[in-house]
Amino acid sequence: MTSVVLPDGEFRFSGAGAAYATPGPPFTSRVAYAAAHVVADPRADNGPGAPAAVDWEATLAFRHHLWTHGFGVAEAMDTAQRGMGLDYTATRELVRRSAREATGPIVAGVATDQLPPGPATLDEVREAYAEQLAHVQAAGATPVLMCSRHLAAAARHADDYLDVYGGLIGQADTPVVLHWLGEMFDPALAGYWGAEPAETVLTLIRTHRDKVDGIKVSLLDESFEVDLRNRLPAGVRLYTGDDFHYPRLIKGDGTGHSDALLGIFAAIAAPAAAALRALDAGDEHAFDEILAPTVPLARHVFGPPTFYYKTGIVFLAWLAGHQSHFTMVGGLQSGRSPRHLATLIRLADAAGLLPDADLAAFRARAWLTTVGVAQ
């Protein structure tokens, strides 16, 4: 009962993911956060434009899955559908609940998405950021200062970014993580940081060196990330958000390595944990070998239009047994085509993400029937 008929032919699940299913201790040689998704309440009205209705029990259970495999949790990031279905009321509750239950490290996104869509003044942006910063700090999570669509629209030059972020860093009780999300993830962020973005970011970090733990960079540009990493002040981490080149960036080179804050880690947590423990043990060959089949999967999940990658993340969580359904807040389960998701099935099995072949096949057959592929 482990075979299904995909659009391009019959496929049999291997159950290879069972080899990675046993949890283990946190990692020692790298700091690694997985940006977790939210699980929608399938009985609620989670259609486009409706307020998010979250299945809190399943959502928190997934975070415990990540913690038990050794990852920190990056909460309320874009993987959790910030700006694409998850409204700020639900976001604030998500951070509060996750921080209260945390059994491992937790960071949480600070943004401006409680503001209505459309133009905002710089003062309104400052106030919105400050409100969310206070909420995250009150919950007990480390703040991640996310890119803001409102700031991207309101800022006229680099000094506007330096002023807004400088004020926010000054209000933080602890060191913060900065966040640089490319426009492939969110087209509204085009032009972020001004005309010379790397120089703006480096100026900000150097000015506030003692209050910046690191910066998450999601630009899908390996050489740019390495160059920026080499220019950071000593002790400031670069958390790769590059879901295409993460194995090489995390392993590093003669000049250093990246730590990680990745959306793909939510999908590949079990094998990625095994790979990071191999790296802790100095076994780079095993690290490469385990992660190699996850890269084609990640490139497919994050293929254009990249901002719909969240659909693949949730589909994989359902196939792997981490939630009972394939429904998303905002109706985003329609964000990828049946053919895209069918290809993802093959890639997920090859990457060792699916520990129960029978369950994966049962769910895949049910889904394939609904999209018109007879079983």
query: Considering only residues of segment 147-161 that are touching a Leu at 6+ places or on another chain (Cβ under 6 Å) and among the hydrophobic types (A, V, I, L, M, F, W, C), which is surrounded by the most Cβ atoms within 10 Å (Cβ to Cβ)?
result: Cys147
field: Residue ID - surrounded by the most Cβ atoms within 10 Å (Cβ to Cβ), chosen from residues in segment 65-100 that are in a helix (DSSP H, G or I) and of a type in the set (D, E, K, R)
entry: Asp78
query: Of the residues Ala111, Ala128, Ala134, which is among the aliphatic types (A, V, I, L, M) and in contact with a His (Cβ under 8 Å, 6 or more places away or on another chain)?
result: Ala128
query: When segment 247-297 is examined, which residues are found to be touching a Leu at 6+ places or on another chain (Cβ under 7 Å) and polar (S, T, N, Q)?
result: Ser258
message: For the list (1) assigned to a helix (DSSP H, G or I); (2) open to solvent by 10 Å² or more (accessible area, probe 1.4 Å), I need the number of the one condition that Pro48 fails.
response: (1)
- prompt: Being in contact with a Pro (Cβ under 8 Å, 6 or more places away or on another chain), of a type in the set (Val, Ile, Thr) and more than 24 Å from Ala260 (Cα to Cα), is that true of even one residue in segment 123-139?
  reply: no
message: Looking at Val39 and the list (1) buried (at least 21 other Cβ atoms within 10 Å of the Cβ); (2) farther than 18 Å from Gly312 by Cα; (3) in contact (Cβ under 8 Å) with a residue 60 or more places away in the chain, which single condition is not satisfied?
response: (2)
message: One residue is enough: does segment 225-244 have a residue meeting the conditions under 30 Å from Ala21 (Cα atoms), acidic (Asp, Glu) and in contact (Cβ under 8 Å) with a residue 60 or more places away in the chain?
response: yes
- prompt: In segment 241-257, what count of residues is obtained for those that are open to solvent by less than 10 Å² (accessible area, probe 1.4 Å), touching a His at 6+ places or on another chain (Cβ under 9 Å) and closer than 18 Å to Phe287 by Cβ?
  reply: 2
message: Condition (residue is crowded, with 18+ Cβ neighbours inside 10 Å, among the β-branched types (Val, Ile, Thr) and in contact (Cβ under 8 Å) with a residue 24 or more places away in the chain) applied to segment 10-29: is it met by at least one residue?
response: no
message: Please go through segment 185-214 and give me each residue that is assigned to a loop (DSSP other than H, G, I, E, B) and surrounded by fewer than 17 Cβ atoms within 10 Å (Cβ to Cβ), ordered by number.
response: Ala190, Gly191, Ala195, Glu196
- request: Considering every residue within segment 80-94, establish whether at least one is aromatic (Phe, Trp, Tyr) and under 15 Å from the mean Cα position of the chain (by Cα).
  value: no
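Determine whether Asp173 is buried (at least 17 other Cβ atoms within 10 Å of the Cβ), at pLDDT 95 or above, among the acidic types (Asp, Glu) and assigned to a loop (DSSP other than H, G, I, E, B). Quick ask: steps written out before the conclusion?
Details: buried (at least 17 other Cβ atoms within 10 Å of the Cβ): no; at pLDDT 95 or above: yes; among the acidic types (Asp, Glu): yes; assigned to a loop (DSSP other than H, G, I, E, B): yes.
So Asp173 does not fit the description; no.
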message: Please determine whether any residue of segment 1-21 is within 18 Å of the chain's Cα centre (by Cα), modelled with pLDDT of 95 or more and not in a strand (DSSP E or B).
response: no
task: Name, by its number, the condition in (1) more than 22 Å from Ala260 (Cα to Cα); (2) buried (at least 24 other Cβ atoms within 10 Å of the Cβ) that does not hold for Gln114.
output: (2)
message: Based on this model, can you work out whether Ala260 counts as open to solvent by less than 10 Å² (accessible area, probe 1.4 Å), in a helix (DSSP H, G or I) and farther than 20 Å from Thr200 by Cβ?
response: no
- request: Taking the options Val125, Val144, Val164, name whichever one is in contact (Cβ under 8 Å) with a residue 40 or more places away in the chain, assigned to a helix (DSSP H, G or I) and either at negative phi or crowded, with 23+ Cβ neighbours inside 10 Å (or both).
  value: Val164
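The values are calculated or read from the model by the stated rules, or taken from the named source; none is laboratory data. Keep in mind that this is a model prediction, so the values were computed, not measured. All Cβ positions, even for glycine, are placed from backbone atoms using ideal geometry, and neighbour counts span all protein chains on display. Ligands, DNA and RNA are excluded from the accessible area calculation, which covers all protein heavy atoms including side chains. Shrake-Rupley method; radii C 1.70, N 1.55, O 1.52, S 1.80 Å.
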